[in-house]
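Colleague: Okay, handing you the structure first.
The values are calculated or read from the model by the stated rules, or taken from the named source; none is laboratory data. Since the structure is predicted, the reported quantities are computational estimates derived from the model, not experimental observations. Cβ coordinates were reconstructed from backbone atoms using ideal geometry, including for glycine residues, and neighbour counts include every protein chain displayed. When the accessible area is computed, the model is the full protein with side chains, heavy atoms only, and any ligands, DNA or RNA have been set aside. Shrake-Rupley method; radii C 1.70, N 1.55, O 1.52, S 1.80 Å.
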Amino acid sequence: MQELTHWINGKHVKGTTGRFTDVYNPATGEVQAKVPLASVAELDAAVADAARAQVGWGATNPQRRARVMMKFAALINENMDKLAEAVSREHGKTLPDARGDVQRGLEVVEVCMGAPALLKGEYMNDGGPGIDLFSMRQPLGVVAGITPFNFPAMIPLWKMAPALASGNAMILKPSERCPSTSLLLAELLQQAGLPDGVLQVVNGDKEVVDAILDHEVIQAVGFVGSTPIAQYIYGRAASNGKRAQCFGGAKNHMIIMPDADMDKAADALVGAGFGAAGERCMAISVAVPVGDKTADALIERLVPRIEKLKVGPYTAGEDVDYGPLITKASQDRVKGLITSGVNQGATLVTDGRDFSIQGYENGFFVGPTLFDNVTPEMDIYKEEIFGPVLSQVRAKTYEDALKLTMDNPYGNGTAIFTADGDTARDFASRVNVGMVGINFPIPVPLSYFSFGGWKKSAFGDLNQYGPDAFRFYTKTKTVTARWFSGIKEGGEFAFKAMD
Ligand code: NAD
């Protein structure tokens, strides 16, 4: 069985603790590798080396750092298939979806090629007699990224690219379920010219995460994962005086107005609800049609589309729509939630529980599941299912649909499908959710903007990638300078008199 490593000081390094966790092939249910779980001592050594490496990297001018990002982007493109295969092998998502995972991360690296422009400070001439003010953005030092299983390329890239382009060193702790892609990305960064030690990939579990949160040298923590862990990480990192931004789970609603193009809405719901087996923080898990006529029209269109979905391993070809869930525990949990929906009175329209593929009977697959007549009291509404389950909650009016979305504790993404500009505009301005789609089911902002949810979907300040990431990974220093030769005779007095 393959033994995975950490990436320390530019080399693959074996774990020394003897503690490992299994990495599964989710399509077959077999263990395909084991990943080492780092100790506090291993983290300490990695951080000490990162701190040393950061001194030179932080002093390297931003344009040179941007050139490393340029080469890195080119190398990601050249290695697209290899990276996508690593994603699919451990995560189980289809190859086109895995290429999308790499691509959305690559786009953030591309923005980081413009780091010098994003790192510029402000300048004020003649703030007083002979006085000029300017501000500069300086790196924080050593920062940490802690990432989830569901985007093994994209989210590590969202963390590492802006942090490194800003002149920091990073300790990256990827998900222990999908660690290989981060190790490959670290190799590519070395080829792109990143000095050894500036990016350390430390694999592990809660033990190393807690050590990161308490580490005196680590200045900031960027986390993405489930809401309870995000809240915990934020609290512990912040109480230790660190900068922290912690992005959590979601329950994204899509409102379908009676005037919407129903075929387009149904296509969007199938892609956004079942794509990647529903394991996306921007998946649509709740459809909210306004009026019974709209709801019936939607069900009529959803069922044949769902029946056509092809579920299978990523090796079965490019026409597979989605793959298995990440673990057996996740498969059991999702099936249990479907049963709870039935028991609590929702109408089960399509049932994915008894789903099996010949030759892959032990894979963690769940078939596409559609519920109608779901109500907010049911567990399938309250929980983030993170599986291929779409719940339809019928709303009487637009105001009811808006209220339902706003009362939900999560606030990552939402969408409205309508032909009416006034309704769409009203929705976008009133809804208390961080990312809004208008006739667009998964409104992940392009990389020149920033990504982040509201309410229980994010804790801390500033969003991920784009201009916000450069603010998060730098601190501002403001200099007030006075040059006496610039003060004309009586100038200072004249200035005071003007006050
Ligand atoms: P997770 O919270 O289980 O794990 C995320 C990271 O935290 C991993 O690196 C893991 O090792 C670590 N971790 C897990 N339990 C821990 C503990 N008790 N103490 C310290 N560290 C711990 O999340 P996941 O299952 O890997 O990912 C899926 C979740 O991530 C979903 O809830 C999804 O919505 C969310 N997500 C959010 C976004 C976003 O930007 N808001 C993006 C992607 C995924």
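Colleague: Suppose we keep just the DSSP beta bridges with both residues in the chain; what percent of those would be antiparallel, to 5?
Modeller: In the chain, DSSP labels about 45 percent of beta bridges as antiparallel.
Colleague: Quick one: angle between helix 95-112 and the longest Cα principal axis of the chain, in degrees between 0 and 90, rounded to 10, please.
Modeller: On a 0 to 90 degree scale, this one is about 20.
Colleague: Next question, about the same structure. Counting Lys +1, Arg +1, Asp -1, Glu -1, what net charge surrounds G336 among other residues with beta carbon under 12 Å of its beta carbon?
Modeller: Numbers: positive: R333, K335, R353; negative: D332, D379, E383.
Around G336, the charge tally is 0.
Colleague: HN-Hα J couplings of the stretch 303-313 from phi, Karplus 6.51/-1.76/1.60, θ = phi - 60°, integer Hz, Gly and Pro as x?
Modeller: 3J(HN,Hα) across the stretch 303-313, in whole Hz: 4, x, 5, 5, 4, 7, 4, 9, 10, x, x.
Colleague: Can you compute 3J(HN,Hα) from phi for each residue in the stretch 125-142, using the Karplus curve 6.51 cos²θ - 1.76 cosθ + 1.60 with θ = phi - 60°, rounded to whole Hz and x for Gly and Pro?
Modeller: 8, 6, x, x, x, x, 10, 10, 10, 8, 10, 9, 9, 10, x, 7, x, 9
Colleague: Ordered by packing density, taken as the mean number of other Cβ atoms within 10 Å over each peptide's residues, highest first, how do 135-146, 426-437 rank?
Modeller: 135-146, 426-437
Colleague: Using the basic label-point model (7 angstrom from Cα toward the beta carbon), what is the D259 to A74 distance in nanometres?
Modeller: 5.1
Colleague: Amide H of D259: which non-local residues (sequence gap of 5 or more, or other chain) have their own amide H closer than 5 Å, using H built in the peptide plane?
Modeller: Distant-sequence amide H within range of D259: A419.
Colleague: Any chance you could check the Cα centroid distance between the stretch 81-134 and the stretch 405-424 for me, in angstrom?
Modeller: First find each Cα centre; the distance between them is then 28 Å.
Colleague: Next question. Rounded to the nearest Å, what's the spacing between the alpha carbon centres of the stretch 427-443 and the stretch 198-271? Just the number, please.
Modeller: 19
Colleague: Now for a different question. DSSP loop GluC sites (Glu not before Pro) in the stretch 272-371 with at most 16 other Cβ atoms within 10 Å of their Cβ, which ones?
Modeller: Working: sites: E279, E300, E307, E318, E361; in loops: E279, E318, E361.
Answer by residue number: E318, E361.
Colleague: Tell me which residues come under 5 Å, amide H to amide H, from G127 once H is placed; ignore anything under 5 positions away on its chain.
Modeller: Under 5 Å from the amide H of G127: D132, L133.
Colleague: A further question on this structure: Does the chain come out rounded, prolate or oblate, given a ≥ b ≥ c as the square roots of the eigenvalues of its C-alpha gyration tensor, rounded meaning a/c under 1.5 and, failing that, prolate meaning a/b above b/c?
Modeller: Values: a/c = 2.28, a/b = 1.37, b/c = 1.66.
Cα axes put the chain in the oblate bin.
Colleague: Express in whole angstrom the spacing between the alpha-carbon centres of the stretch 308-361 and the stretch 1-51.
Modeller: Answer, in whole Å: 30.
Colleague: Here's a follow-up. How high is the relative contact order of the stretch 252-438, in percent, with contacts defined as C-alpha pairs under 8 Å that are six or more residues apart?
Modeller: Once divided by the residue count of the stretch 252-438, the mean separation gives 29 percent.
Colleague: Moving on to the next point. In whole Hz, with x marking every Gly and Pro, tabulate ³J(HN,Hα) for the stretch 41-51 from phi via Karplus 6.51 cos²θ - 1.76 cosθ + 1.60, θ = phi - 60°.
Modeller: Values, residue by residue: 5, 5, 5, 4, 5, 5, 5, 4, 5, 4, 4 Hz.
Colleague: Another question, then. Highest mean first, how do 389-398, 163-172 rank when packing is the count of other Cβ atoms within 10 Å averaged over residues? Display every interim value, and only then the final one.
Modeller: Numbers: 389-398: 20.6, 163-172: 26.9.
Going from most to least packed, we get 163-172, 389-398.
Colleague: Give the residue list of GluC sites (Glu not before Pro) in the stretch 89-152 that are DSSP loop and have at most 14 other beta-carbon atoms within 10 angstrom.
Modeller: Here the GluC sites (Glu not before Pro) that fit, given the DSSP loop and packing criteria, are E122.
Colleague: Can I ask one more? Ordered by packing density, taken as the mean number of other Cβ atoms within 10 Å over each peptide's residues, highest first, how do 5-16, 322-333 rank?
Modeller: Most protected by this proxy first, the peptides run 322-333, 5-16.
Colleague: Tally up the carbon and sulfur contribution to the accessible surface of the chain as a whole percent, 1.4 Å probe, everything protein left in place.
Modeller: 53
Colleague: So, one more: What does a probe at D461 reach in the stretch 131-169, counting residues whose amide N is under 20 Å from the point 7 Å along Cα→Cβ?
Modeller: Residues 134-146, 159, 162-164, 166-169 qualify, since their backbone N sits under 20 Å from the label point.
Colleague: If you roll a 1.4 Å probe over the heavy atoms of the protein chains, what accessible area per residue do you get for the chain, in Å²? Please report the intermediate quantities before stating the final value.
Modeller: Working: 20450 Å² over 499 residues.
With the other protein chains kept in place, the chain gives 41 Å² per residue.
Colleague: Name the residues whose placed amide hydrogens come within less than 5 Å of the amide hydrogen of T350, ignoring near sequence neighbours (fewer than 5 apart) on the same chain.
Modeller: Counting only residues 5 or more places away or on other chains, the set is L370.
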